[in-house]
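> Take this structure first; my questions come after.
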Amino acid sequence: MELDEAVRRRRMVRRFDPDAPVPEAVVRDLVALAVRAPSAGFSQGWDFVALTDAADRERYWAAASGRGAPDAWLRGVSAAPVLLLCLSDPDAYLDRYAETDKGWTDRDPARWPVPYWDTDTAMAVMLVLLGAVDRGLGALFFGVPAERHDEVLAAFDVPAGRRLVGVVALGHEAERVSGSARTRRRRGVDEVLHRGRFGVS
């Protein structure tokens with residue numbers, strides 16, 4: 001598939017077919033695309049925990065959503081046969097930029113007004129999403145409630161210091177449902193492209 005087509009076809013899938021598995025080799029291939037993403041200083045401060053076993057996915061949902069009755073969103077997304085926890089590692093960047101070729105010796109996170117550890121991980125996630133489209137899969141990137149991060153990280157033995165940027169659900173779409181795009185229009189290029197200074201088209 002051409003890149004333009006993959007970008008235009010990419011959408012967030014919210015209802016997955018629990019009976020249509022995703023081969024482990026495909027998960028590996030998608031992560032292989034992710035590690036081709038750009039990263040500041042080639043720090044590569046990302047990790048991905050693939051949950052392909054039903055018991056692991058159940059543990060994730062228990063940690064992430066609590067024990068309440070599932071709503072339609074949770075029923076649809078929890079049917080996905082693969083969850084990919086997307087983690088960033090701030091220390092990889094603080095260490096890298098304290099090396100002699102970068103020249104910051106204090107490892108001060110304040111030097112990073114934008115946390116590139118999360119930014120780079122998000123760019124890697126986009127490659128996973130586009131790769132899923134190219135392989136005929138559906139995917140959804142979603143966040144984890146702030147109060148549940150620690151529980152999710154602990155459930156999968158994630159080392160201290162890693163940040164949970166989000167989760168990708170992978171699988172085959174069972175039913176098409178609309179998200180916010182149903183009620184909100186996509187902004188046009190002329191609205192978001194400014195020439196020379198903000199507000200000039």
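The values are calculated or read from the model by the stated rules, or taken from the named source; none is laboratory data. Because the structure is predicted, anything quoted here is derived from the model rather than measured. Cβ atoms come from the backbone with ideal geometry, glycine included; neighbour counts cover every protein chain shown. Side chains are part of the model used for accessible areas, which takes the heavy atoms of the whole protein and leaves out ligands, DNA and RNA. Shrake-Rupley method; radii C 1.70, N 1.55, O 1.52, S 1.80 Å.
> Picking from Leu3, Ser78, Ala92, whose Cα lies most toward the positive end of the charge dipole for the chain (charges on Cβ: Lys, Arg +1; Asp, Glu -1)?
Selected residue: Leu3.
> Leaving out ligands and nucleic acids, and using a 1.4 Å probe, what accessible area per residue does the chain come to in Å²?
Using a 1.4 Å probe on heavy atoms only, each residue of the chain averages 59 Å².
> Would you mind giving the average projected area, over all directions, of the Cα convex hull of region 67-154 in nm² with one decimal?
Working: hull surface 33.5 nm².
For the Cα atoms of region 67-154, the hull's average projected area reads 8.4 nm².
> Give me the three principal axis extents of region 84-134 from the C-alpha atoms, as integers in angstrom, largest value leading.
Its Cα atoms span 42, 19, 17 Å along the three principal axes.
> Which whole-percent values make up P(r) of region 152-201 when all C-alpha to C-alpha distances are grouped in 10 Å steps starting at zero?
Spelled out bin by bin, region 152-201 gives 16, 21, 23, 27, 13 percent.
> Taking Cα pairs under 8 Å and at least six residues apart, what relative contact order does region 29-154 come out at, in percent?
Answer for region 29-154 is 39 percent.
> Counting Lys and Arg as +1 and Asp and Glu as -1, each charge on the Cβ, what is the dipole of region 139-201 about the Cα centre in debye, to the nearest 20?
560 debye
> Hey, got the dipole for the chain? About the Cα centre, +1 on K and R Cβ, -1 on D and E Cβ, debye to the nearest 20? Can you show the working numbers first?
Details: 28 positive and 30 negative charges, 214 e Å.
Its charge dipole is roughly 1020 debye.
> Suppose R0 equals 25 Å; then what is the FRET efficiency for Val200 and Arg10 from their Cβ-Cβ distance, rounded to the nearest 0.05?
0.25
> Between Ala122, Gly188, Ala32, whose Cα lies farthest towards the positive end of the dipole of the chain when Lys and Arg beta carbons carry +1 and Asp and Glu beta carbons carry -1, centred on the Cα centre?
Gly188
> How far apart, in nanometres, would the label points at Ala20 and Ala98 be if each is projected 7 angstrom from Cα along the Cα-to-Cβ direction?
Roughly 4.8 nm, to one decimal.
> Going by a ≥ b ≥ c, the root eigenvalues of the Cα gyration tensor, does region 111-187 fall in the rounded group (a/c under 1.5), the prolate group (a/b larger than b/c) or the oblate group?
Verdict is prolate for region 111-187.
> Principal axis lengths of region 51-201 from Cα atoms, whole Å, largest first?
50, 46, 30
> Would you work out the charge dipole size for region 61-120 about its Cα centre, treating the Cβ of every Lys and Arg as +1 and the Cβ of every Asp and Glu as -1, and quote it to the nearest 20 debye?
380 debye
> Measuring from label point to label point, each 7 Å out along Cα→Cβ, what is the Phe42 to Ala122 span in nm?
Once both label points are built, they end up 2.5 nm from each other.
> Can you pull the percent of the chain's accessible area that's carbon plus sulfur, 1.4 Å probe, other chains left in place? Before the final figure, lay out the partial values.
Details: 5930 of 11920 Å².
Exposed carbon and sulfur together represent 50 percent of the surface.
> State, to one decimal in nm, how far the label point of Thr52 lies from the label point of Val189, with both points 7 Å from Cα in the Cβ direction.
Simple spin-label model gives 4.0 nm for this pair.
> So what is the calculated 222 nm ellipticity per residue for the chain, using -39500 (n - 2.57) for each DSSP H run with n of 4 or more, over all residues, to the nearest 500 deg cm²/dmol? Write out the running numbers ahead of the final one.
On the way: 8 runs with 73 residues, N = 201.
One gets -10500 deg cm²/dmol as the mean residue ellipticity at 222 nm.
> Figure the gain on full extension for Glu147 and Ala69 (residue separation times 0.36 nm, minus the Cα-Cα span) and round it to one decimal in nm.
Length gained, Glu147 through Ala69: 26.3 nm.
> Placing one identical point scatterer on every Cα of region 1-99 and ignoring solvent, what is log10 I(q)/I(0) from the Debye formula at q = 0.11, 0.22, 0.24 Å⁻¹?
Listed by q, the Debye log ratios stand at -0.48, -1.22, -1.28.
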